[in-house]
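One structure is given here, and the rest of the page talks about it.
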Amino acid sequence: MAQFLISGGPGAGKSTLLTALQEQGYTGVEEASRVLIQEQVAAGSGLVPWQNLAGFAELALTRMVDQYEQARQRGGATFFDRGIPDIIAYLEVGGIPVPKIYHNAAAQYRYHPAVLMAPPWPAIYVNDAERWQTFAEAAQLYQALYQTYQRLGYQLVELPLVPVMDRVQFVQSWVATHQRQVQKSRDLRAE
């Protein structure tokens with residue numbers, strides 16, 4: 001089972017890539033924070049990141065742990081749009097001390113050792129109801145995410161700035177290489 005993670009700043013094409021991968025038959029888990037924002041806005045709650053980042057982070061952690069556990073129970077490969085380490089980066093950028101619970105969760109719920117990173121891409125960046133950041137803020141978040149994942153020991157694989165189906169082919173090739181490496185490792189242990 002592999003828990004593949006797609007991360008990066010807002011508006012870099014992560015959700016579009018995830019949708020395209022799902023259309024190719026892969027299992028995907030949508031971005032928890034985006035869904036939570038929609039739910040909190042609909043409920044008239046103040047637990048949205050631009051009003052209460054610390055409270056929103058707690059909701060996001062609970063949702064992401066649930067998503068991870070559900071994927072583990074399903075088995076097989078799963079692609080996640082954002083992961084638990086993203087919460088750490090967002091809190092740090094927001095100037096909020098990161099409680100130990102987030103570091104513990106990041107250590108307990110590990111994704112595949114290599115994370116697919118969607119870099120800032122001005123040509124596709126747009127604001128919407130869940131994406132309030134400017135492009136400059138999105139680029140700053142990308143740098144924070146990149147540093148956070150590196151600090152947590154992940155290898156980073158930057159996605160190319162190409163149309164979505166080309167990104168899908170890039171990911172499929174990357175996954176195939178991973179699967180060959182896993183099989184080779186199993187074969188060596190079996191000898």
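The values are calculated or read from the model by the stated rules, or taken from the named source; none is laboratory data. This structure is a prediction, so every number in the text was calculated from the model and none was measured. Heads up, the Cβs are rebuilt from the backbone with ideal geometry, glycines too, and the neighbour counts pull from every protein chain shown.
Tell me the residue from GLY9, GLY25, GLY13, GLY55 that is of a type in the set (Gly, Ala, Ser) and more than 28 Å from ALA123 (Cα to Cα), please.
It is GLY55.
Out of the stretch 19-42, which residues are crowded, with 21+ Cβ neighbours inside 10 Å, touching a residue at least 40 places away in the same chain (Cβ under 8 Å) and in a helix (DSSP H, G or I)?
Selection gives LEU21, ALA32, SER33, ILE37.
Would you confirm whether any residue within the stretch 81-92 is of a type in the set (A, V, I, L, M) and either over 21 Å from GLN150 (Cα atoms) or in a strand (DSSP E or B) (or both)?
Of the residues in the stretch 81-92, the ones of a type in the set (A, V, I, L, M) are 84, 87-89, 91.
Next, only the ones that are either over 21 Å from GLN150 (Cα atoms) or in a strand (DSSP E or B) (or both) stay: none.
No, because not a single residue in the stretch 81-92 is of a type in the set (A, V, I, L, M) and either over 21 Å from GLN150 (Cα atoms) or in a strand (DSSP E or B) (or both).
Exactly one of (1) under 25 Å from VAL98 (Cβ atoms); (2) at pLDDT 90 or above; (3) outside any helix (DSSP H, G or I); (4) over 12 Å from the mean Cα position of the chain (by Cα) is unmet by ALA57. Its number?
If we test ALA57 against (1) under 25 Å from VAL98 (Cβ atoms); (2) at pLDDT 90 or above; (3) outside any helix (DSSP H, G or I); (4) over 12 Å from the mean Cα position of the chain (by Cα), just (3) comes out false.
If you take the residues of the stretch 128-154 that are assigned to a loop (DSSP other than H, G, I, E, B) and over 18 Å from TYR111 (Cα atoms), which of them is modelled with the highest pLDDT?
The qualifying residue modelled with the highest pLDDT is THR134.
Any idea which of VAL115, VAL98 is hydrophobic (A, V, I, L, M, F, W, C) and part of a loop (DSSP other than H, G, I, E, B)?
Matching residue, one of VAL115, VAL98: VAL98.
When you scan the stretch 155-191, how many residues do you find that are under 23 Å from TYR109 (Cα atoms), in a helix (DSSP H, G or I) and modelled with pLDDT of 90 or more?
Residues in the stretch 155-191 being under 23 Å from TYR109 (Cα atoms), in a helix (DSSP H, G or I) and modelled with pLDDT of 90 or more: 2 in total.
Residue check, LEU47 against (1) touching a Gly at 6+ places or on another chain (Cβ under 8 Å); (2) in contact (Cβ under 8 Å) with a residue 40 or more places away in the chain; (3) part of a loop (DSSP other than H, G, I, E, B); (4) not hydroxyl-bearing (Ser, Thr, Tyr), all met but one. Which one?
Going through (1) touching a Gly at 6+ places or on another chain (Cβ under 8 Å); (2) in contact (Cβ under 8 Å) with a residue 40 or more places away in the chain; (3) part of a loop (DSSP other than H, G, I, E, B); (4) not hydroxyl-bearing (Ser, Thr, Tyr) one by one, LEU47 breaks only (2).
Among what's in the stretch 99-124 and is surrounded by fewer than 18 Cβ atoms within 10 Å (Cβ to Cβ), within 16 Å of the chain's Cα centre (by Cα) and of a type in the set (A, V, I, L, M, F, W, C), pick the residue that is farthest from GLN147 (Cα to Cα).
Top of the filtered list is ALA107.
Would you pick out the residues in the stretch 22-46 that are more than 14 Å from the chain's Cα centre (by Cα) and among the hydrophobic types (A, V, I, L, M, F, W, C)?
Passing the criteria: LEU36, ILE37, VAL41, ALA42, ALA43.
Since ILE96 meets every condition but one in (1) surrounded by fewer than 18 Cβ atoms within 10 Å (Cβ to Cβ); (2) in contact (Cβ under 8 Å) with a residue 12 or more places away in the chain; (3) under 19 Å from the mean Cα position of the chain (by Cα), which condition does it not meet?
The single condition ILE96 does not satisfy is (3).
Condition first: charged (D, E, K, R) and over 18 Å from GLY13 (Cα atoms). Now tell me which residues in the stretch 74-94 satisfy that.
ARG74, GLU92
Give me a count of the residues in the stretch 5-17 that are farther than 25 Å from ASN52 by Cβ and either of a type in the set (Asp, Glu) or surrounded by fewer than 23 Cβ atoms within 10 Å (Cβ to Cβ) (or both).
2
Hey, among ALA32, ALA2, ALA12, ALA20, which residue is among the aliphatic types (A, V, I, L, M), in contact with a helix residue (DSSP H, G or I) (Cβ under 9 Å, 6 or more places away or on another chain) and at pLDDT 95 or above?
On inspection, the qualifying residue turns out to be ALA20.
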